[in-house]
Structures are given as C-alpha cells and as structure tokens.
1. Please list, ordered by first then second residue, the pairs with beta carbon atoms under 9 Å, 6 or more apart or interchain, first in region 8-34 and on the phi < 0 side of the Ramachandran plot and open to solvent by 80 Å² or more (accessible area, probe 1.4 Å), second modelled with pLDDT under 95 and not hydrophobic (A, V, I, L, M, F, W, C).
2. Among (1) outside any strand (DSSP E or B); (2) open to solvent by 20 Å² or more (accessible area, probe 1.4 Å); (3) in contact (Cβ under 8 Å) with a residue 12 or more places away in the chain, which single condition is residue 148 missing?
3. Quick check on region 164-193: of everything there that is among the aromatic types (Phe, Trp, Tyr) and under 25 Å from residue 106 (Cα atoms), which residue is least open to solvent (accessible area, probe 1.4 Å)?
4. Looking only at region 122-140, count every residue that is touching a Cys at 6+ places or on another chain (Cβ under 9 Å) and assigned to a strand (DSSP E or B) and tell me the total.
5. Here are 74, 82: which of them is in contact with a helix residue (DSSP H, G or I) (Cβ under 7 Å, 6 or more places away or on another chain) and either surrounded by fewer than 17 Cβ atoms within 10 Å (Cβ to Cβ) or of a type outside the set (S, T, N, Q) (or both)?
6. Looking at the structure I just gave you, is residue 170 farther than 29 Å from residue 38 by Cα and part of a strand (DSSP E or B)?
7. For region 79-121, which positions are modelled with pLDDT under 95, farther than 19 Å from residue 185 by Cβ, among the basic types (Lys, Arg) and not in a strand (DSSP E or B)?
8. Kindly establish whether residue 120 is free of Cβ contacts under 8 Å to residues at least 12 places away in the same chain, of a type in the set (Gly, Ala, Ser) and surrounded by fewer than 15 Cβ atoms within 10 Å (Cβ to Cβ).
Amino acid sequence: MVPPEMNELQNAARELAARAPATREFADWPELAEFVPRNHRQCPALPLIKSWNSEHVPETQRFHEAVLAAADTVRWERSWSVRQVGADFMNRYGHFELAGPNGHFRCWKLRIFVSFWGESLYYPWHRHAAEEIYLVTSGSAEFHSQGQSSQTLGPLGCCRHSSWQPHEMTTFAQPVLTLVMWKGPGLCFPPQM
C-alpha cells in the first residue's frame, strides 16, 4: 500500500511535469504503480528543507508542499563527497529518487529525482550519460551548460542537458527545489565531476 504522503507526492509531481511544455516534450510521465518501501534516510539539509517557505508560483505550490510533507519519510541521498564539493555544500544539499530503478516507485524508463540546494551554493561542472531536464519548482538559480548561454530560471523554468553535456548551477539568496528527470542510455550510471 502506498503511504498517503507518497501518493500525494507522485500525483503532485505528475501534475507539475504536465504543466511545463519542456518536460512533456522530454518524456511521457510513467505509470508509477509499484511502490517500493525504502528505508528513510535523513540528510543534513533536512531542517533547511522542512523550514523553507520559498518563493513559488501557484502552479508549483502543491508540489512544494508535498515534498515538505514527505521529507521525513523519503530516502535522501547525496551523490558527491566532501572532497569533491566541500562540507558546506554537503550540509545544504540533498536529493531523493522518487521514481526509477532505485526509487520509491519502480520505473525502468526514467529516473525522477527531487533535488534541493541551499542558498548561495555552487554546484560544480559535472556530466552523465543520461539525458536530463531540470524543472525549477521553488527559488531560482543560474544554469550553465557547455555550448549554451547561461540562463537564470525560476519556478516553471526548465534546463535540458544532452548525454555527457557538462553543466553547473549557482543558487542565489534562496534555496532551489527542482524536479529532475533522466532518460536514455546510461540511466543507471552516476554523474561524474
């Protein structure tokens, strides 16, 4: 049985992805029928996430609230090490896989992450085999992608990356919450600095 907060989160994420033309074009939202119980794991950024009342638009409010409601029950991850990004970054960053091979909902066509970065953080250049799209849901950040002009994105803004395209991000005076989707070959390979 799907816990109510996880059911609401998947419904809010699906609704949000359907609102943005770029995410609709990127991939069809999968049916997330199989819930996989995962052990809860906290991250140091959890108090920041739970106390955050951010700048968002009405279209993203349901998702933002669903993330906050589920924050104590999901398996937070951190892809990087202190050596790679520093202790401050590690203390103010976290993500969880909502759907995918290792997600709370089993899915083999996509990986869908919810990712949080605290205020004034620099997310260094990295790349991965999977194609990716960020959908900003709360806050704003500047996105840099190799071969493209930088862009500042706020709620409902999207940034898409090709397979192995290097990219980085810098947050501003507020944290940033995003819905991130991966697809294509290399779906299960981790990102690389």
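1. 19/59; 19/60; 28/109; 33/106; 34/106
2. (3)
3. 182
4. 5
5. Working: 74 fails: in contact with a helix residue (DSSP H, G or I) (Cβ under 7 Å, 6 or more places away or on another chain).
Sole residue among the options that is in contact with a helix residue (DSSP H, G or I) (Cβ under 7 Å, 6 or more places away or on another chain) and either surrounded by fewer than 17 Cβ atoms within 10 Å (Cβ to Cβ) or of a type outside the set (S, T, N, Q) (or both): 82.
6. Working: farther than 29 Å from residue 38 by Cα: yes; part of a strand (DSSP E or B): yes.
Spelling it out, residue 170 is indeed farther than 29 Å from residue 38 by Cα and part of a strand (DSSP E or B).
7. 83
8. no
The values are calculated or read from the model by the stated rules, or taken from the named source; none is laboratory data. Not measured: the values here are computed from a predicted model. With ideal geometry, Cβ positions are generated from the backbone for all residues, glycine too; neighbour counts draw on all protein chains shown. Each accessible area value is taken on the protein alone, full model and side chains, heavy atoms only, with ligands, DNA and RNA left out. Shrake-Rupley method; radii C 1.70, N 1.55, O 1.52, S 1.80 Å.
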